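Asker: Here it is, the structure in full.
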Amino acid sequence: MSSPLSDEQLVAAFHDGDKDACEEILSRYKNRVLSVARRFFLSGGDAEDLVQEGMCGLYSAIVGFSGDTGFSAYANACIKNRIVDAVKRSYNSKNAAMNGFLQLSDEGDEAISDNASPEEQIIFSEAKSEMMEKMIGALSDFEYRAICMYIDGATLPEISGAMGKTYKQTDNAISRAKNKLRALLGEK
């Protein structure tokens, strides 16, 4: 059962030693973490790795929240920053824009530009364009639209309804698209 307390009140309760308050916040924000994590691709990892990074970002938001701003905005920033940092670490360790970092949605394109040189920005932009072209060639129209909507945070029922397909058809299309994308990136 959900607590009637605000996020800020729950964080304050956690700071006062109430561990259940932390669990409540983690539960409240899990879908938000999932939504942010879906927008990114981590080479050599899977979606669950990014979800875990996001949950770690959420936990550090709970621990570090000082009450100067609203908790929701602070938590969103911590979640996204933690996920982007994980993707950047993957990108830097592989030293290849297309294989290390792929954000399929245009939302948040600033993520790569924060600390990237102009050359790295151009490489990333070209790699992203090249990957999008490969995706369009490899995926059916249904798979492409479904995976783009999924990455943008739509749920399977929302995608199914928008596309006039059954839940099972949509789930299968997204699974096929993920497998094809892994193959495009040369992963197992």
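Asker: Once neighbouring chains are kept in place and the probe is 1.4 Å, which whole percent of the accessible area of segment 134-188 is contributed by carbon and sulfur?
Answerer: 54 percent
Asker: Sort Cys148, Cys56 by accessible area with a 1.4 Å probe, largest first. Don't skip to the answer; put the middle values down first.
Answerer: On the way: Cys148 30, Cys56 60 Å².
These residues rank, largest area first, as Cys56, Cys148.
Asker: Shifting gears a bit: Rolling a 1.4 angstrom probe over the protein chains, ignoring ligands and nucleic acids, what is the accessible area of Val84 in square angstrom, nearest 10?
Answerer: Its accessible surface works out to 10 Å², give or take rounding.
Asker: Simple spin-label model, 7 Å along Cα-to-Cβ: Ile122 to Asp20 in nm?
Answerer: Result for the modelled spin labels: 6.0 nm.
Asker: Determine the alpha carbon to alpha carbon distance for each of Lys88/Lys180; Lys88/Lys165; Lys88/Lys168; Lys30/Lys178; Lys80/Lys168; Lys80/Lys165 and list only those over 28 Å. If you can, show how the numbers build up before the last one.
Answerer: Working: Lys88/Lys180 23 Å; Lys88/Lys165 36 Å; Lys88/Lys168 34 Å; Lys30/Lys178 22 Å; Lys80/Lys168 30 Å; Lys80/Lys165 31 Å.
Where the Cα-Cα span goes over 28 Å, the pairs concerned are Lys88/Lys165; Lys88/Lys168; Lys80/Lys168; Lys80/Lys165.
The values are calculated or read from the model by the stated rules, or taken from the named source; none is laboratory data. Owing to the predicted nature of the structure, the values given are computational and were not obtained by experimental measurement. Here Cβ is always computed from backbone atoms with ideal geometry, including for glycine, and neighbour counts include all displayed protein chains. Note: accessible area is taken over every heavy atom of the protein model, side chains too, but ligands, DNA and RNA are not part of it. Shrake-Rupley method; radii C 1.70, N 1.55, O 1.52, S 1.80 Å.
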